[in-house]
1. Only residues in the stretch 262-274 that are without any contact (Cβ under 8 Å) to a residue 60 or more places away in the chain count as the first member; pair them with residues that are surrounded by fewer than 15 Cβ atoms within 10 Å (Cβ to Cβ), Cβ under 8 angstrom, at least 6 apart or cross-chain, and list the lot.
2. Between 219, 234, which is in a loop (DSSP other than H, G, I, E, B) and at negative phi?
3. Would the stretch 187-210 turn up any residue that is among the aromatic types (Phe, Trp, Tyr) and in contact with a strand residue (DSSP E or B) (Cβ under 9 Å, 6 or more places away or on another chain)?
4. If I go through the stretch 21-32 residue by residue, how many of them are surrounded by 14 or more Cβ atoms within 10 Å (Cβ to Cβ) and either among the hydroxyl-bearing types (Ser, Thr, Tyr) or assigned to a helix (DSSP H, G or I) (or both)?
5. For residue 26, are the conditions met, namely being farther than 30 Å from residue 118 by Cβ and among the aliphatic types (A, V, I, L, M)?
6. Of everything in the stretch 207-216, what is out of contact with any Asp or Glu (no Cβ under 8 Å at 6 or more places or on another chain) and touching a residue at least 12 places away in the same chain (Cβ under 8 Å)? Give them in sequence order.
7. Do any residues in the stretch 187-206 that are part of a helix (DSSP H, G or I) have Cβ atoms under 8 Å from those of residues that are surrounded by fewer than 23 Cβ atoms within 10 Å (Cβ to Cβ) and polar (S, T, N, Q), where the two are at least six apart or on different chains, and which pairs are they?
8. Check 168, 116, 128 and return the single one that is within 22 Å of residue 6 (Cβ to Cβ), aliphatic (A, V, I, L, M) and not in a helix (DSSP H, G or I).
Amino acid sequence: MIDTHVHLKYDGRIPGEHVGITAEQLVDRMNREGVDKSVVLPIESPEVCTCLYTTEQVLEAAYRFPERIVPLVQVDPRMPRADQVIKYFASNHSIIKGFGELVDGLSMDDEKRQLIYATCEELGWPLIFYGSSYSSFDDAGLPRLESMLQKYPGLIFIGHGPRWWNAISADDDASCRYPTTPVVEGGAADRLLQEYPNMYADLSAGSGYNAITRDPKWTEGFLERNWQKLLFATDYTRMNDPLPQIKWVRETPMSDEMRAAIMEGNARKVFKID
């Protein structure tokens, strides 16, 4: 099993702010839960916390646990020469498998972001973005995301967060809630997964888990349509975090082929993991 969305220790500057987990604590939890590899995402944008967890720190952890930790890069698009920084990491660290998560205070189609998209497309890297009330701004129906899927067809976008997952339902109002009502067929996220080869989604965090459990009858059809585009993920960030996605992916009725793809096969393909 490959967990495609994990964060390690980052201490905030405000007392009591998020502390997180160390690489050793992550590997211990992986051993106990039966997770083979974890994709670890840096945090380099101030919208998330008052202190950051850098790409260099993720790489340090990955070099200590090369068989267990798969590192990604994150560079804030507002940083000068962001494309050069990404290419520097790519040329000096072949263990990097992608970019994420993109969690800055910009719209989905912002010009600064498009430099990131173009660079990742050139490198052949997938990109995880976080859609919320403070990042990856988009309208109902996700038109900005769709325009980027069209403009950068060689870049795999991986959707994450409430703004993305709320759009599974046709009654999406561009909010970032955690709805419990039945899903209305015809949502934009469902459509984009089916229509665009470069659109994927991870099942992490409360938003992903809520989306796949709020309407079990709808979820059955969603899995049938999109099982080749879904990535098992938890967004594990704290020592005692519950990880309900583990039980869900192991126990939800689906074919063996679908389960194997969601648990690890799709991740191996997208992140080019042997």
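1. From the stretch 262-274, the pairs are 274/268.
2. Numbers: 219 fails: in a loop (DSSP other than H, G, I, E, B).
After applying the criteria, what remains is 234.
3. From the stretch 187-210, those among the aromatic types (Phe, Trp, Tyr) are 196, 200, 209; that's our starting set.
Narrowing further to those that are in contact with a strand residue (DSSP E or B) (Cβ under 9 Å, 6 or more places away or on another chain): 196, 200.
Taking every residue of the stretch 187-210 in turn, at least one turns out to be among the aromatic types (Phe, Trp, Tyr) and in contact with a strand residue (DSSP E or B) (Cβ under 9 Å, 6 or more places away or on another chain).
4. Restricting attention to the stretch 21-32, the residues satisfying the condition of being surrounded by 14 or more Cβ atoms within 10 Å (Cβ to Cβ) are 21, 23, 25-27, 29-30.
Subsequent filtering for residues that are either among the hydroxyl-bearing types (Ser, Thr, Tyr) or assigned to a helix (DSSP H, G or I) (or both) retains 23, 25-27, 29-30.
Summing the residues that are surrounded by 14 or more Cβ atoms within 10 Å (Cβ to Cβ) and either among the hydroxyl-bearing types (Ser, Thr, Tyr) or assigned to a helix (DSSP H, G or I) (or both) in the stretch 21-32 gives 6.
5. Details: farther than 30 Å from residue 118 by Cβ: yes; among the aliphatic types (A, V, I, L, M): yes.
Criteria met by residue 26.
6. The initial filter retains those residues of the stretch 207-216 that are out of contact with any Asp or Glu (no Cβ under 8 Å at 6 or more places or on another chain), namely 207, 209-216.
If the condition is that a residue be out of contact with any Asp or Glu (no Cβ under 8 Å at 6 or more places or on another chain) and touching a residue at least 12 places away in the same chain (Cβ under 8 Å), then 207, 209, 210, 211, 212, 213, 214, 215 are the ones that fit.
7. Final answer for the pair search is 190/226; 193/226; 194/226.
8. Numbers: 168 fails: within 22 Å of residue 6 (Cβ to Cβ); 116 fails: not in a helix (DSSP H, G or I).
Unique residue meeting the criteria: 128.
The values are calculated or read from the model by the stated rules, or taken from the named source; none is laboratory data. What you see is a predicted model; the values in this text were computed from it and never measured. Because the Cβ atoms are built from the backbone with ideal geometry, glycine has one as well, and the counts that use them run over all protein chains shown.
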